[in-house]
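Q: Mind having a look at this structure? Questions to follow.
Each value in this text was obtained by applying a stated rule to the coordinates, not by laboratory testing. In this text, all values refer to a predicted model and were calculated from it rather than measured experimentally. All Cβ positions, even for glycine, are placed from backbone atoms using ideal geometry, and neighbour counts span all protein chains on display.
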2 protein chains.
Amino acid sequence: MVKTMKILILGGDGFCGWPTALYLSHNHKVAIVDSFIRRQWDIELGTNSLTPITSMSDRIRAAWRYGKEIEFFYGDITSYEFIYGCFVQFNPDVVVHFAEQRSAPYSMIDRKHAVFTQTNNLVGTLNVLYAIRATDCKCHLVKLGTMGEYGTPNIDIEEGFIEVNHNGRKDLLPYPKQAGSFYHLSKVHDSHNIMFACRVWGIKATDLNQGVVYGVTTDETNLHPELINRYDYDEVFGTVLNRFCLQAVLGYPLTVYGKGGQTRGFINLRDTVRCIELACLNPPNNGEYRVFNQFTEQFSVLQLAEMVKQAAEDFGGEVRIEHIANPRVESEQHYYNAKHIMLEELGLVPHLLSDTILTSVMAVAMQYRDNAKTKVIAPRVNWR
Amino acid sequence: MVKTMKILILGGDGFCGWPTALYLSHNHKVAIVDSFIRRQWDIELGTNSLTPITSMSDRIRAAWRYGKEIEFFYGDITSYEFIYGCFVQFNPDVVVHFAEQRSAPYSMIDRKHAVFTQTNNLVGTLNVLYAIRATDCKCHLVKLGTMGEYGTPNIDIEEGFIEVNHNGRKDLLPYPKQAGSFYHLSKVHDSHNIMFACRVWGIKATDLNQGVVYGVTTDETNLHPELINRYDYDEVFGTVLNRFCLQAVLGYPLTVYGKGGQTRGFINLRDTVRCIELACLNPPNNGEYRVFNQFTEQFSVLQLAEMVKQAAEDFGGEVRIEHIANPRVESEQHYYNAKHIMLEELGLVPHLLSDTILTSVMAVAMQYRDNAKTKVIAPRVNWR
């Protein structure tokens, strides 16, 4: 029997937040906090979700029919008065914090977007930390970080901390961070702030360094068309595998940035929602700051392109891989070996990347291909 | 012959900024940027500089009489339009960036002060990075960091980077950061942002992880009473040694926080100004991010109290050391061994802490003791 908790989900209207809220609402009392700024960014960038997402009120009404009661607080967590009010009213056992600007290219558009990303993400997280403190540090913070905080060091990546032996002495230290965009840096900054708040105030926090998420649907979002999740495919918010799937369906070349040797950790959306629940059900001790690397497999970008090409061709499509100039500044061939043990020890049974997954994502892409704005796929935001 | 450079000093009205501007104006073309927010914080906190500092216009007029021409730009670097304008107008070879909220207790007053400190410091530094980029990355950034970024690890502290051997592989990585206040964390965040900007845009930057600065005067500030430097002694902006000197002069107990085994790096103000010049004269390569630990000796707080007590008693004073409850969350007994080689290799000849220095600081404290607001010395800001 799963323990029932009160879980407040910040950013519960987003790509990971919405399926997480739906998944958790089966066994837990769930409330969503969102300002809909993610939908605003679509308007700013002239893009959209490939899938026709519905309004929050329609989402919540549809969920209700399946016995999933979800509360909703409309507002922006950069307002402390607002988020503190949510804590007082809902009194959560856990707060799951997705409510950040989460696109690297968005943060690199120009100075204003860099400043916005860092101040928005830092202030939101500081407000959450102060709200937890103001409510006696009872609430467990589950914070979404990113594997991108580590960069691509020439040694194995550990989960948050590394034992360093130096001049005959040793210490367990925070793993050195070498992030690759102002967005990824904002998560590095958050991690340092949260670690400090745990140490000084006795807050308990789980920092989930998540890999690149692929997939669109979960058992819950499949229950009803009005529960559908977003599908981002544009250069700014679309992530690599989902973008490749749409490109394959449209008969466009799969655009690999540079050599494609860039290797990253990846995770299926179905595992994301389960990881969040595992973190909630197994809180750290008071004052403990812990880090889980939340991904299940690592691939290079070129490997993924080849897998998508193969899966598409199995269905009779013809797909070409095109190497284009890399708009990012990053190593295109490098060592990469990142640990991901903790969540599997807590019980995660990974859904690994397979032809089935790829074809199911491509099926969604096929169904909604007419919604694609093809102009927003090619990269325009340049790091340099 | 010292090479003449154009040096823009952000925060040139402050405790380190003003003596640095005066010192550099002898051989270089100097302009100061300041918003006077530091003077505003005195008003907010009901405190003052023990020494009667004069207005910027009086300072600049007085400097002029000694052949020191200093330009001044009034404004706040959190406005990009303003700081970009300064770059275009002055066209600096080097920008020395002191313009941050630099007090740990100030950042810990409450949520608003934490958020202010981090957003103010990050946005200012991001704007400076973008202004350097907008002017073709020609300008060398000399940025004031702090030794407090490292915290107190159980291994030797290196200058910015550490070679880590792990599972049979090795890499030179950014030294792990464990800062002890939202202020110190803001410097950690800056360091990560600057390192990224160097890598991606080819900016050259020197991050000076400065220790605790003591002393008040330099040869230049001594030239004329209107050139006098500030002397902070309050719990929020006063640093430990200068505060002890005033306490000794007033016949108050020297208030040591907790056991007093807290060990830190210290530097004489006369060395600070020289270190800045050495960094300016020896720029890194394009795209290089380097870190110098800018201090000359390490002491525990209790050692300093005992030295001040001894120096004061040599002059017939009677001084008591009082251990009071530590308002901070920090180790009071710990290993501490921090490297400081780079600046000495560039030519720094340290002015070490001696009785002479202590008595000269106490002489300043004695001269202006009637200006002391004694209510602001005892700690009220608590980390918990």
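Q: Can you classify segment B:201-259 as rounded, prolate or oblate using the Cα gyration tensor, where a ≥ b ≥ c are the square roots of its eigenvalues, rounded means a/c under 1.5, and otherwise it's prolate if a/b beats b/c and oblate if not?
A: Taking the square roots of the gyration eigenvalues as a ≥ b ≥ c, segment B:201-259 is oblate.
Q: Which links in A:143/B:177; A:339/B:170; A:339/B:177; A:112/B:112; B:3/B:143; A:259/B:177 stretch past 28 Å when you go from one Cα to the other?
A: Too far apart for the 28 Å limit: A:259/B:177.
Q: Moving to a separate point now. When B:152, A:146 are ordered from fewest to most other Cβ atoms inside 10 Å of their Cβ, what list results?
A: Ranked by crowding around the Cβ, least crowded first: B:152, A:146.
Q: Exposed loop chymotrypsin sites (Phe, Trp or Tyr not before Pro) only (DSSP loop, at most 15 other Cβ atoms within 10 Å): please give the longest stretch of chain B free of them, not including the sites. Before the final figure, lay out the partial values.
A: Values: sites that count: B:36, B:66, B:315, B:335.
The reported range is B:67-314.
Q: May I ask you to derive the FRET efficiency for residue A:88 and residue A:172 from their Cβ-Cβ distance with R0 = 35 Å, giving the value to the nearest 0.05?
A: On the way: r = 37 Å, r/R0 = 1.05.
Efficiency at R0 = 35 Å is approximately 0.45.
Q: State, to one decimal in nm, how far the label point of residue B:55 lies from the label point of residue A:360, with both points 7 Å from Cα in the Cβ direction.
A: My value for the distance between the label points is 7.2 nm.
Q: If you take the Cα atoms of segment A:191-331, find Rg, then find the Kirkwood Rh from the mean of 1/r over all pairs, what is Rg/Rh?
A: 1.07
Q: Tell me, how many Å apart are the Cα centres for segment A:199-244 and for segment B:177-237?
A: Rounded to whole Å, the Cα centres lie 40 Å apart.
Q: So if R0 is 30 Å, what FRET efficiency would residue A:286 and residue A:156 give, r being the distance between their Cβ atoms, rounded to the nearest 0.05?
A: It comes to 0.50.
Q: Also, quick follow-up: Add -39500 (n - 2.57) for each DSSP H run of 4 or more in chain A, then divide by its residues: what number comes out at 222 nm, to the nearest 500 deg cm²/dmol?
A: -11000 deg cm²/dmol
Q: While we're looking at this one, here's another question. Take the protein assembly as shown, drop everything but the C-alpha atoms, weight them equally and run the Debye formula without solvent; then report log10 I(q)/I(0) at 0.05, 0.09, 0.10 Å⁻¹ to two decimals.
A: Result of the Debye calculation: -0.27, -0.85, -1.02.
Q: Something else now. So, with +1 on the Cβ of K and R and -1 on the Cβ of D and E, and no other charges, what is the size of the charge dipole of segment B:292-333 about its Cα centre, to the nearest 20 debye? Present the calculation step by step, with values, prior to reporting the outcome.
A: Details: 3 positive and 8 negative charges, 26 e Å.
Taking the Cα centre of segment B:292-333 as origin, the dipole is about 120 debye.
Q: Taking amide H positions as placed in the peptide plane 1.01 Å from N, state which residues far from residue B:161 in sequence (5 or more) or on other chains have amide H under 5 Å from it.
A: B:175
Q: Using alpha carbon centroids, what distance separates segment B:17-54 and segment B:332-350, in Å?
A: Their Cα centres are 27 Å away from one another.
Q: What list of ³J(HN,Hα) couplings, whole Hz, do you get for segment B:331-338 from phi and the Karplus terms 6.51, -1.76, 1.60, once you set θ to phi - 60° and write x for glycine and proline?
A: 5, 9, 9, 6, 6, 7, 8, 10
Q: Based only on other Cβ atoms within 10 Å, what is the fewest-to-most ordering of A:171, A:110? Intermediate results must be reported in sequence, preceding the final value.
A: Working: A:171 17, A:110 11.
By the 10 Å Cβ count, ascending, the order reads A:110, A:171.
Q: Mind pulling the per residue volume of the convex hull built on the Cα atoms of segment B:164-235? Å³ is fine.
A: It comes to 180 Å³ per residue, whole-number rounded.
Q: How big is the shadow of the Cα convex hull of segment B:3-98, averaged over all directions, in nm²? Working shown, then result.
A: Values: hull surface 25.3 nm².
With the hull built on Cα positions only, its mean projection is 6.3 nm².
Q: By counting other Cβ atoms within 10 Å of each Cβ, how are B:187, A:375 ranked from fewest to most? Walk me through the numbers on the way to the answer.
A: Values: B:187 27, A:375 11.
Sorted ascending by nearby Cβ count, the order is A:375, B:187.
Q: While we're here: How big is the gap, in Å, between the Cα center of segment B:261-318 and the Cα center of segment B:120-175?
A: 20 Å
Q: What is the calculated FRET efficiency for residue B:250 to residue A:74, with r their C-beta to C-beta distance and R₀ = 41 Å, to the nearest 0.05?
A: Efficiency at R0 = 41 Å is approximately 0.15.
Q: Classify chain A from the C-alpha gyration tensor, please: rounded if a/c falls under 1.5, else prolate or oblate depending on whether a/b exceeds b/c. Don't jump to the answer; show the numbers that get you there.
A: Working: a/c = 1.56, a/b = 1.17, b/c = 1.33.
Oblate shape, in that a/c is at least 1.5 and b/c is the bigger or equal ratio.
Q: For peptide B:323-333, what's the mean number of Cβ atoms from other chains within 10 Å of each residue's Cβ?
A: 1
Q: Residue by residue, what Karplus-based ³J(HN,Hα) values in Hz, rounded to whole numbers, does segment A:221-237 have, using 6.51, -1.76 and 1.60 with θ = phi - 60° and x for Gly and Pro?
A: Each residue's phi maps through the Karplus curve to give 5, 7, 5, 7, x, 6, 9, 4, 8, 6, 9, 8, 10, 7, 4, 8, 9 Hz.
Q: Now for a different question. Read phi for every residue in segment B:341-356 and hand back ³J(HN,Hα) as whole Hz from Karplus 6.51 cos²θ - 1.76 cosθ + 1.60, θ = phi - 60°, with x for Gly and Pro.
A: 10, 4, 5, 5, 5, 7, x, 5, 10, x, 8, 7, 5, 8, 4, 4
Q: Further question: Which value in nm describes the separation of the simple spin-label points at residue B:339 and residue B:259, placed 7 Å from the Cα toward the beta carbon?
A: Placing both labels 7 Å beyond Cα along the Cβ direction yields 2.8 nm.
Q: Taking amide H positions as placed 1.01 Å from N in the peptide plane, with prolines and chain starts having none, which residues 5 or more places from residue A:254, or on another chain, fall under 5 Å of its amide H?
A: A:320, A:321, A:322
Q: Show me the three semi-axes of the equivalent ellipsoid for segment B:142-192, from the C-alpha gyration tensor (sqrt of 5 times each eigenvalue), largest first, rounded to whole Å.
A: On the way: eigenvalues 99, 29, 16 Å².
The equivalent ellipsoid of segment B:142-192 has semi-axes of 22, 12, 9 Å.
Q: Take every residue in peptide B:171-184, count the Cβ atoms of other chains within 10 Å of its Cβ, and give the average of those counts.
A: Counting other chains' Cβ atoms within 10 Å and averaging over B:171-184 gives 5.
Q: For label points placed 7 Å from Cα toward Cβ, what is the shortest-first list of nm distances from residue A:110 to its copies?
A: 3.7
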